[in-house]
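Peer 1: Handing you this structure, nothing more for now.
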Amino acid sequence: MISKIVIFGILSVLVLSSVSMAASGQPVNTGGEAPMGNYNFQLAGNSTLRDLTYSSDGITSMLAYNITVDGVNNLKIPSNVGIDKISTSNMTVISMEQMHTLVVLTESGLNSESGLNSESGLNSEAKIVVNLTSQPIELKNNLKIEFQSQVGNMLSSDMNNQSSTSMNVFEISNGSFLGYLFTNGKTTLSNNNTTITAKNDNSLVAGFVSNGNFKSILKNYFSKHKNHEQFKYNETTGLMSGSFVNFTFNSSTHVISNFTSRIGNNTDIFQNISANGNGTIGASSRVPPFKINEPLNIGSIFFYANNSYTYVIHNNPSIESNFFVDNGTMTFNVSPGLKISEHNINYGFNKTMNVSEAFQNSSIAANVTLGLNHSYLVSRTSVIVSGHGYFGIMSIRGGKVTISGNKISVATSGLAGISMVSPPGLQMVNSSLEAGFMNSITSGKLAGQMDISNYNGSSSNMSIFFNSSLRMNITSVQKGKVTVEVGSSQHKGTSISIYISDKFISNTGKIYVTFDGKSAILSSINGTLNVNSTISAYYTTIQENSGTVLIIHIPHFSNHTIVVSSTPSVTPPSSTIIDYEIVGGIAALVIIGILAGLLIRKKH
């Protein structure tokens, strides 16, 4: 099987010609430090790069001690192409593809105007020698590097023919860099297989391209979140065991089975999750930021990808999971006894992504695809799975949903995204409250949710948005106190519900609520939800076995600050202090925006 890396953009507009660099007016730089995209090196004269490093998300790794070039520079770059480049009489160095690719180009003296190699003064092959800091792995699967055109101009026919067939490719894994060294030249290894020499009697190209951006981002993420609950993996059974979710991954069939929530009743949610298709996730994305068919288990995240589908599962209080399928079908077999219902969330998000957007080699795309932004956007097409004390929401974008018995299938001819979240404040609540929350979500009255959980001394925050008009941002989290800024593109007031655990209020048995620095007024449930005030904030409480639900009326919308605390922030009237005992519950604070009264109509 032929694997393939597709490189778009810069190289597609380069044209090799017989015009020298001096004649074409290209800049000539012959010394000093040269940062180029994610790469950095010292340029020593016309033909040497020293101390080549690669940096990604705060981690820097040395890739090569030096790269020496023996050849002439006959490369002409069109003046209307703005690229990051360095040119000398011997070579051109280019940074491309969102800064994760570095390419060195040269040509033999046989193709120069003088017929002589400028370094040696003799006719010879062009040569590039790379002295690596680690041993590469030479790939034997005929991996191809393709330079695809965006403006119609291609490389010279000689180089284009070579690149479109195959290149010699070496895999490199070194600190923050996971990717390839590629060249169209004939290669030999020396110096304990750490030195690669590439030769060609025509045009010669050699370069580095990273495809390990996901791995480096995850490593960097968990270096900053060391207290997050990590998965434990049993290589023999395939069991991924976490504090919040367990499942088994079959490395041969790529099927996930016994997907179980460990919160509350240890509910078995899915008997299995499987997929099939004929996609191009790993084959034709913009330099794929991961290795296909190689599961990643880093910290509290499990990731797997092949050409047709991907899995991302978090071991966190929300059991956040992201699934993608390209040109295929993904099937979720729900466990017996759980209820399945499909809903159209009128105010949900409806944006879809293509393969390149979801899996391009950039930190922005990785944060979204891997779920590192601590936010969850509910889409218009959603499925609720509930029962046995469990409540979960599946959001589907870009696919057709079919529910048959206990089976949920998502089929697509393009790319479909399936996201799942289990709101911590909606787990293990009584049936009447669960039904009320479900009705609020499906009817559009529930606008969003924030979860702040504290485990092992580490705060884990999650924002869940059911309405695209709502904005919520946690600005401060302390023991017994949280500050939240809320806003909306709609002016009419809403209500906000806060689920509070016993640990949050620091065992004082008291809750204080302030709205823009003023104490909120205690009222009944109906009074809070139906209040017509556009000036004062009201609130009420509902006690549940798992904690207390606090509902706050926001009188109008601009930008507001809400503080919930177990100690007074201001001197409140006596009616604003609630004395009670909190029974049980998880260590979570959940903020849920509920649209007051009638649904506020908004077209998206």
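Peer 1: Do you know which of the residues in region 69-92 that are polar (S, T, N, Q) and either under 37 Å from the mean Cα position of the chain (by Cα) or farther than 24 Å from Glu125 by Cα (or both) is modelled with the highest pLDDT?
Peer 2: If we take residues in region 69-92 being polar (S, T, N, Q) and either under 37 Å from the mean Cα position of the chain (by Cα) or farther than 24 Å from Glu125 by Cα (or both), then Thr92 is modelled with the highest pLDDT.
Peer 1: Please go through region 266-282 and pick out each residue that is part of a loop (DSSP other than H, G, I, E, B) and under 24 Å from the mean Cα position of the chain (by Cα).
Peer 2: Across region 266-282, the qualifying residues are Asn278, Gly279, Thr280, Ile281, Gly282.
Peer 1: Going by the conditions given, is Leu372 in contact (Cβ under 8 Å) with a residue 40 or more places away in the chain and open to solvent by 60 Å² or more (accessible area, probe 1.4 Å)?
Peer 2: Judged against the criteria, Leu372 is not a match.
Peer 1: Go through Gly480, Gly405, Gly487 for me and flag whichever is modelled with pLDDT of 70 or more, on the phi > 0 side of the Ramachandran plot and open to solvent by less than 30 Å² (accessible area, probe 1.4 Å).
Peer 2: Of Gly480, Gly405, Gly487, the one residue that is modelled with pLDDT of 70 or more, on the phi > 0 side of the Ramachandran plot and open to solvent by less than 30 Å² (accessible area, probe 1.4 Å) is Gly480.
Peer 1: Follow-up question, since we're still on this one. Out of all the residues in region 496-522, which are among the charged types (D, E, K, R) and modelled with pLDDT of 80 or more?
Peer 2: Asp516, Lys518
Peer 1: Taking the condition among the hydrophobic types (A, V, I, L, M, F, W, C), at negative phi, open to solvent by 30 Å² or more (accessible area, probe 1.4 Å) and at pLDDT 75 or above, does Met62 pass?
Peer 2: Against the criterion (among the hydrophobic types (A, V, I, L, M, F, W, C), at negative phi, open to solvent by 30 Å² or more (accessible area, probe 1.4 Å) and at pLDDT 75 or above), Met62 qualifies.
Peer 1: Has region 460-476 got at least one residue that is hydrophobic (A, V, I, L, M, F, W, C), over 23 Å from the mean Cα position of the chain (by Cα), at pLDDT 70 or above and surrounded by fewer than 23 Cβ atoms within 10 Å (Cβ to Cβ)?
Peer 2: no
Peer 1: Next question. Only residues that are under 22 Å from Thr236 (Cβ atoms) and part of a loop (DSSP other than H, G, I, E, B): list them for region 248-265, please.
Peer 2: Residues satisfying the conditions are Asn250, Ser251, Ser252, Thr253, His254, Val255, Arg262.
Peer 1: Applying the selection to region 268-284, what residues are closer than 25 Å to Tyr390 by Cβ and either open to solvent by 10 Å² or more (accessible area, probe 1.4 Å) or small (Gly, Ala, Ser) (or both)?
Peer 2: Asp268, Gln271, Asn272, Ser274, Ala275
Peer 1: Out of the residues in region 198-229 that are over 22 Å from Ile59 (Cα atoms) and open to solvent by 20 Å² or more (accessible area, probe 1.4 Å), state the one that is farthest from the chain's Cα centre (by Cα).
Peer 2: It comes out as Asp201.
Peer 1: If you take the residues of region 408-427 that are open to solvent by 10 Å² or more (accessible area, probe 1.4 Å) and among the aliphatic types (A, V, I, L, M), which of them is nearest to Asn265 (Cα to Cα)?
Peer 2: The selected residue is Ala411.
Peer 1: Quick check on Gly493: is it of a type outside the set (Val, Ile, Thr) and either modelled with pLDDT of 75 or more or surrounded by fewer than 18 Cβ atoms within 10 Å (Cβ to Cβ) (or both)?
Peer 2: no
Peer 1: Okay, moving on. State all residues of region 302-311 that are in a strand (DSSP E or B) and out of contact with any Leu (no Cβ under 6 Å at 6 or more places or on another chain); if no residue qualifies, say none.
Peer 2: Residues satisfying the conditions are Phe302, Tyr304, Ala305, Tyr309, Thr310, Tyr311.
Peer 1: A further question on this structure: In region 319-352, what count of residues is obtained for those that are open to solvent by less than 60 Å² (accessible area, probe 1.4 Å), modelled with pLDDT under 85 and assigned to a loop (DSSP other than H, G, I, E, B)?
Peer 2: The qualifying residues number 3.
Peer 1: Can you find a residue that is among the β-branched types (Val, Ile, Thr), at pLDDT 95 or above and open to solvent by less than 20 Å² (accessible area, probe 1.4 Å) anywhere in region 250-257?
Peer 2: Within region 250-257, one or more residues are among the β-branched types (Val, Ile, Thr), at pLDDT 95 or above and open to solvent by less than 20 Å² (accessible area, probe 1.4 Å).
Peer 1: For Met99, state whether it is modelled with pLDDT under 65, touching a Ser or Thr at 6+ places or on another chain (Cβ under 8 Å) and of a type in the set (A, V, I, L, M, F, W, C).
Peer 2: no
Peer 1: Now for a separate question. Among the strands (runs of 3 or more DSSP E) lying completely within region 167-207, list those that include at least 1 residues that are in contact (Cβ under 8 Å) with a residue 60 or more places away in the chain.
Peer 2: Correct list: 168-174, 177-183, 195-200.
The values are calculated or read from the model by the stated rules, or taken from the named source; none is laboratory data. Just so it is clear, the model here is predicted, and its values are computed rather than measured. Glycine also receives a Cβ, built like all others from the backbone with ideal geometry; neighbour counts cover every protein chain displayed. To get the accessible areas, we keep the full protein, side chains included, count just its heavy atoms, and leave off ligands, DNA and RNA. Shrake-Rupley method; radii C 1.70, N 1.55, O 1.52, S 1.80 Å.
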